[in-house]
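Written below as structure tokens is the structure these notes are about.
The values are calculated or read from the model by the stated rules, or taken from the named source; none is laboratory data. The structure presented is a predicted model; accordingly, all values stated were derived computationally and were not measured. Cβ placement follows ideal geometry from the backbone for every residue including glycine, while neighbour counts extend to all protein chains displayed.
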Amino acid sequence: NAGVTQTPKFQVLKTGQSMTLQCAQDMNHEYMSWYRQDPGMGLRLIHYSVGAGITDQGEVPNGYNVSRSTTEDFPLRLLSAAPSQTSVYFCASSRGSGTRFGANVLTFGAGSRLTVL
Amino acid sequence: AQSVSQHNHHVILSEAASLELGCNYSYGGTVNLFWYVQYPGQHLQLLLKYFSGDPLVKGIKGFEAEFIKSKFSFNLRKPSVQWSDTAEYFCAVLIGNTGKLIFGQGTTLQVKP
């Protein structure tokens, strides 16, 4: 049981390049989400998904795309990287997204550190 | 817009001191409330959670938090901190059934031995 797996762990991009951060979970979780963590800003929600085929925008969605074609995978795409996207990115998942007891406790991945030059 | 505010950004305490970290949120409807902790070099993990019922909830490692609905607050407490509590602490609020889980800015706690 691997939990939430993120790849790559580290990546350096040049401005304008594109890339995809991969996230996979093997817990059959309905809910998946992407956050970015910046010093003094905490974790900010980028996009989230309450189930396969359903995605929605979080607090800071600009510059990022997501899709959820399967329950297991939730990739985050940067179409044209900018220095402002330098950050640590966390993928997280939970059994559910509603206010049912215990269903929405997040399991986090290890994080992906992205630097955009 | 919904938001979560943590008042203390960096706290330094000596071992055995008491801890209280403030957390306030802005949303008038149903919420679920969480505190997560990130120890150095480790994943974020759940410290405690509030869903309903008793507003005083207890978590792991002697931490507790109190939900005060009228103040939109969910402050974290521990009577006596240990060096091993050195970590970054995040308050988070699930906004109704939207699926949006919003985090605060985080508080870095440094406990001196």
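Remarks
- When the stretch B:3-33 is limited to residues that are modelled with pLDDT under 95 and out of contact with any Ser or Thr (no Cβ under 9 Å at 6 or more places or on another chain), the one that is surrounded by the most Cβ atoms within 10 Å (Cβ to Cβ) turns out to be B:LEU33.
- Which listed residue, of B:GLN82, B:GLN105, is in contact (Cβ under 8 Å) with a residue 12 or more places away in the chain and within 14 Å of chain A (Cβ to nearest Cβ): B:GLN105
- Flag if B:GLU66 is free of Cβ contacts under 8 Å to residues at least 40 places away in the same chain and part of a strand (DSSP E or B): yes
- Residues within the stretch B:37-61 that are farther than 28 Å from A:ARG113 by Cα, more than 10 Å from chain A (Cβ to nearest Cβ) and either more than 13 Å from the chain's Cα centre (by Cα) or β-branched (Val, Ile, Thr) (or both), tallied: 5
- Check on A:ILE54, within 13 Å of another protein chain (Cβ to nearest Cβ), surrounded by fewer than 17 Cβ atoms within 10 Å (Cβ to Cβ) and of a type in the set (A, V, I, L, M): yes
- When residues of the stretch B:85-102 are limited to those that are at the interface with chain A (Cβ under 7 Å from one of its Cβ atoms), buried (at least 17 other Cβ atoms within 10 Å of the Cβ) and outside any strand (DSSP E or B), the one farthest from the chain's Cα centre (by Cα): B:GLY99
- Residue check for B:LYS78: among the basic types (Lys, Arg) and farther than 16 Å from A:LEU106 by Cα: yes
- Matching entry among B:PHE74, B:PHE67, B:PHE34 (being under 27 Å from A:TYR89 (Cα atoms) and within 14 Å of chain A (Cβ to nearest Cβ)): B:PHE34
- Criterion violated by A:ARG68 - all others in (1) closer than 22 Å to B:ALA92 by Cα; (2) within 13 Å of chain B (Cβ to nearest Cβ); (3) touching a residue at least 24 places away in the same chain (Cβ under 8 Å) satisfied: (1)
Each row is one residue, and each column tells you yes or no for (1) more than 9 Å from chain B (Cβ to nearest Cβ); (2) outside any strand (DSSP E or B); (3) surrounded by 14 or more Cβ atoms within 10 Å (Cβ to Cβ).
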{"site": "A:GLN6", "(1), (2), (3)": "yes, no, yes"}
{"site": "A:GLY16", "(1), (2), (3)": "yes, yes, no"}
{"site": "A:ALA24", "(1), (2), (3)": "yes, no, yes"}
{"site": "A:HIS29", "(1), (2), (3)": "yes, yes, yes"}
{"site": "A:SER33", "(1), (2), (3)": "no, no, yes"}
{"site": "A:GLN37", "(1), (2), (3)": "no, no, yes"}
{"site": "A:GLY40", "(1), (2), (3)": "no, yes, no"}
{"site": "A:SER49", "(1), (2), (3)": "no, no, yes"}
